[in-house]
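Read-outs throughout are calculated quantities, based only on the coordinates presented, and are distinct from any laboratory measurement. These numbers come from a predicted model, not from an experiment. Glycine also receives a Cβ, built like all others from the backbone with ideal geometry; neighbour counts cover every protein chain displayed.
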Amino acid sequence: MEKQKRATSFCEEVDAAAGFFNITLDFANILLDVKIKSTEHTNAYTIEKTRSFKYNGTVLPQMIIVPTDFGKSPGSLLWNQKSQTEALAVMDNIEGGGTYSEKISQDPSRLKNHPFQFAKKLTPVVIETTRSKYKEAAKRSLEKYADAFIAKTISLK
């Protein structure tokens, strides 16, 4: 109750609603096309099972904000001067635009032990960048999210 009173008084002081944003910023868009083939042959004495797969993958180093699952938590929560809350979410993926990487490579030495056999056969992809380029790409993505959030808020009024 004390936190609610402090939030309400803060909103009154600044004459604006306070906001809580629960968003996910993915650092890469990964596209994976997998074809799995399983067969089983059984006769009186033996059971033979085989499984094979082929995959093609693409990694695009691009920041993307993905929508929050409303069943688990609200995307955005606004708290106004009247101690009322409003939940609002932007339900589209928002791409940051442009790439931030300097180099992309495959590095089998980064493969970790994984309980699924399929994951052991995938070759890890390494995206190399500088801290400043990474931060700039994240900033651009979050600015685009803010613009989309404001547009959504205006359209609902």
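For the range 93-107, in order, what is each residue's ³J(HN,Hα) by Karplus, 6.51 cos²θ - 1.76 cosθ + 1.60 with θ = phi - 60°, in whole Hz (x at glycine and Pro)?
5, 10, 8, x, x, x, 9, 10, 8, 9, 7, 10, 8, 9, 9
Ranking VAL126, VAL90, VAL14, VAL59 by Cβ neighbours within 10 Å, fewest first, what do you get?
Fewest-to-most Cβ neighbours within 10 Å comes out as VAL14, VAL126, VAL59, VAL90.
Between 0 and 90 degrees, rounded to the nearest ten: what's the tilt of helix 2-14 against the longest Cα principal axis of the chain?
Helix 2-14 sits at roughly 60 degrees to that axis.
GLN62's amide H: which non-local residues (gap 5+, or another chain) put their own amide H closer than 5 Å, with H modeled 1.01 Å from N in plane and none for Pro or chain starts?
Those lying under 5 Å, H to H, from GLN62 are ALA28, ASN29.
Using a cut-off of 16 Å between alpha-carbon atoms, which aspartates and glutamates can reach LYS103, once sequence neighbours fewer than 8 places away in the same chain are excluded?
Cα-Cα hits under 16 Å: GLU128.
Which three semi-axes in whole Å describe the equivalent ellipsoid of the range 2-156, each the square root of 5 times a Cα gyration tensor eigenvalue, listed largest first?
Whole-Å semi-axes of the equivalent ellipsoid: 45, 23, 14.
Which of MET63, MET91 comes first, and how do the rest follow, when ranked by fewest Cβ neighbours within 10 Å? Let's see the in-between values first.
On the way: MET63 25, MET91 11.
Ordered by Cβ neighbours within 10 Å, fewest first: MET91, MET63.
May I ask you to evaluate 6.51 cos²θ - 1.76 cosθ + 1.60, the Karplus curve with θ = phi - 60°, for each residue of the range 151-156 and list the ³J(HN,Hα) values in order in whole Hz, giving x for glycine and proline?
Result, ordered by residue: 4, 5, 4, 5, 5, 8 Hz.
Normalising by the residue count of the chain, find the relative contact order in percent from Cα pairs under 8 Å and 6+ residues apart.
On the way: 247 pairs, mean separation 34.3, N = 157.
Relative contact order of the chain: 22 percent.
Kirkwood hydrodynamic radius of the range 19-72 from all distinct Cα pairs, in Å?
Hydrodynamic radius (Kirkwood, Cα pairs) of the range 19-72 is 15.5 Å.
Show the residues, 5+ positions off or on another chain, whose built amide H is closer than 5 Å to the amide H of VAL126.
Under 5 Å from the amide H of VAL126 lie the amide H atoms of SER105, GLN106, ASP107, each far enough along the sequence or on another chain.
Among ILE47, ILE150, what is the fewest-to-most ranking by other Cβ atoms within 10 Å?
Lowest to highest Cβ neighbour count: ILE47, ILE150.
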